[in-house]
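Written below as structure tokens is the structure these notes are about.
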Amino acid sequence: MANNEATELTDDEARLLVHRAGGTPVYVYSREALRAAARRVRAASVPGAAVYYSLKANPHPGVVAALAPLVDGFDVCSTAEMETALNAGTPPRDILFTGPAKSWAEAASALAAGIAVTVESPAQARLFAEVAGRLGVTGRAVVRLNTPYPGRTPDAAPSPNQFGIPDEDFAEVVEVLRGSPMALTGLHMFWGSQYSDAGVIRAARITALERARKLAERYGLAFELVSVGGGIAMPWCDRDAPVDWDGLRAVGEYPEVPGEGGPATVVCEYGRSLVGPAGSLLATVLDTKTVGDRRYVLVDAGMNHMMIASRLVAGAGRGEPSVRVVGARNPDELSPAYVTGPLCSQLDVLAENVLLPAVEVGDTLVFSGVGAYGPTFSPSGFLSRDKVGEIVH
Ligand SMILES: Cc1ncc(COP(=O)(O)O)c(C=O)c1O
């Protein structure tokens, strides 16, 4: 079953969480599930690697605080995310500020806070050098190398992207940083998201580590850290391939990269696989109706809260999310239903043609496995409706 990692709330838990939150729609994130995910993901990483959490998947301060003792560092993409990571008690040296194009103000915030930045072009290297000089600080630069994203299966073709520098630009970036107050402390090679195949993930990590080793040798560099991405999927729809956790745990040796006085620290950087399984969205049924041969269940959560389930992103071959009714009266008498939101948009369909028991207005539905790319990935301004609630339990 694709969704087997997701936390399934009991009916009583769901009922009480709705009361605790003061109503729906509300995302609820389970601390216990975050702990389980952190254990599972660490065991599937490069052995001994530092595990970083990427706030882009879910920057809720309670989630970040819950993850702080479970991971070794954070990947942030904005000054707001940076402050959330710092507020969770994370030392600045365990935070990495990534993103392909940083502004002067973002560079200054990160360097003033003592946080390492990824360098994604020679021009950005010059910007960081200038900012560090103006601030009178020594900054830490982690050079992101452009890394094509592998195909999802071993035979599929890789796809290009705009992130990081091609190898031809490495010499120029090293040159700019050498004459500046920015120390080149590491390499970053994020190579994509949503992979389930252990062979593909392992091959991408090995390629990244080999590449780092060659660059260290060629330029006489010793790195503090080498980030080899994460890439592990969050199976949340019924047709998603399950992650090959056994295959990932069983992998053998990985190459070492020279660092200061020993091998460089390898970083594995994950978002969805850490938080996805821990989150559920609770919604209340506002109406039910039949139009033609379709049964519609209309709820108070929409694509403005859960864009990943909207027809813009899911559906059409992607499969459907796991959704169930709390306290169903006839749980075994199932019939197809379209679960739709309250928005005036045809795209506001959260689950299409899924089997549900009979529901009544006021019933609670639970979508599970949806803890990643939720509220902050959704068009929350659309129709100027209220924001969705979020609690950690
Ligand atoms: C640089 C970087 N790190 C981490 C992540 C998190 O990826 P995921 O949520 O798939 O684990 C992303 C996703 O886009 C990314 O671009």
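The values are calculated or read from the model by the stated rules, or taken from the named source; none is laboratory data. Quick caveat: nothing in here was measured; it's all calculated off a predicted structure. Here the Cβ is made from the backbone with ideal geometry for all residues, glycine too, and neighbour counts use every protein chain on show. Surface accessibility is based on the protein's heavy atoms, side chains included, excluding ligands, DNA and RNA. Shrake-Rupley method; radii C 1.70, N 1.55, O 1.52, S 1.80 Å.
A few points about this structure:
- Residue within the stretch 297-313 that is within 27 Å of Tyr195 (Cα to Cα) and open to solvent by 70 Å² or more (accessible area, probe 1.4 Å) present: yes
- Members of the stretch 55-78 that are in contact with an Asp or Glu (Cβ under 6 Å, 6 or more places away or on another chain) and either under 21 Å from Gly389 (Cα atoms) or more than 11 Å from the ligand (Cβ to nearest atom) (or both): Leu55, Pro59, His60, Gly73
- Of all residues in the stretch 314-340 being closer than 22 Å to Met234 by Cβ and part of a loop (DSSP other than H, G, I, E, B), the one that is most open to solvent (accessible area, probe 1.4 Å): Ala316
- Of the residues Asp287, Asp300, the single one that is away from the ligand (no atom under 16 Å from the Cβ), of a type in the set (D, E, K, R) and within 31 Å of the chain's Cα centre (by Cα) is Asp300.
- Subset of the stretch 130-184 that is among the hydroxyl-bearing types (Ser, Thr, Tyr) and farther than 26 Å from Ala203 by Cβ - its residue that is surrounded by the most Cβ atoms within 10 Å (Cβ to Cβ): Ser180
- Filter result for the condition that a residue is in the same structural domain as Thr118 (by TED's automatic domain parsing), over 21 Å from Ser30 (Cβ atoms) and in contact (Cβ under 8 Å) with a residue 24 or more places away in the chain, over Glu224, Glu320, Glu253: Glu224
- Restricted to the stretch 191-209, and to residues there that are outside any helix (DSSP H, G or I), touching a helix residue (DSSP H, G or I) at 6+ places or on another chain (Cβ under 9 Å) and within 14 Å of the ligand (Cβ to nearest atom), the residue that is most open to solvent (accessible area, probe 1.4 Å) is Gln194.
- All positions within the stretch 246-270 that are of a type in the set (Val, Ile, Thr) and not in a loop (DSSP other than H, G, I, E, B): Thr265, Val266, Val267
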